[in-house]
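What follows is calculated from the coordinates using simple rules that are stated; it is not laboratory data. Given the structure is predicted, the values throughout are model-derived calculations rather than measurements. Quick reminder, even Gly has a Cβ in these numbers, built from the backbone with ideal geometry, and neighbours come from all protein chains shown.
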Amino acid sequence: MINIIKQEITIEESLKQRLEFICDFSHTTSTFINGFIHKVDKTNLSYVEPHKIIIKGITFLAFNYSNEIYIKYLSQKIKLSEIEDYLKGI
């Protein structure tokens with residue numbers, strides 16, 4: 001039987017502060033959901049589930065220590081410094 005271990009990862013405080021600052025500057029609110037690590041027991045297989053940030057009904061995905069943020073899926077990404085311009089365009 002396959003046993004999957006799920007461990008929560010807390011969002012890096014500096015990343016959270018940067019996103020909160022951008023949201024405050026854009027007059028919006030954000031919701032943060034921590035990511036998880038899914039490990040298959042007794043193997044070296046693991047999957048890192050990204051943190052979810054919900055702004056204006058759009059789910060953004062982020063990883064700790066990354067300067068990029070993903071929009072809805074991992075296929076579309078922008079730099080963290082460009083998120084303010086993206087939010088203004090919505």
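Hey, what angle do you get for helix 13-25 against the long axis of the chain, alpha-carbon based, 0 to 90 degrees rounded to 10? Orientation of helix 13-25: about 30 degrees from the principal axis. Within the straight-line cut-off of under 28 Å between alpha carbons, the lysines reachable from residue 39 are 6, 16, 52, 72, 77, sequence neighbours fewer than 8 places apart in one chain being disregarded. Working from label points 7 Å from Cα in the Cα-to-Cβ sense, the residue 32 to residue 44 distance is 3.3 nm. The charge dipole of segment 4-88, taken about the Cα centre with unit charges on the Cβ atoms of Lys, Arg (+1) and Asp, Glu (-1), comes to about 280 debye, rounded to the nearest 20.
Scanning the chain for chymotrypsin sites (Phe, Trp or Tyr not before Pro) in DSSP loops with at most 16 neighbouring Cβ atoms within 10 Å leaves 1-64 as the longest stretch between them. Once you have a ≥ b ≥ c as the square roots of the Cα gyration tensor eigenvalues for segment 4-88, tell me rounded if a/c is under 1.5, and otherwise prolate or oblate according to whether a/b is larger than b/c. Cα axes put segment 4-88 in the prolate bin. In this rough spin-label picture, where each label sits 7 Å from Cα along the Cβ direction, the residue 52-residue 81 distance is 3.0 nm.
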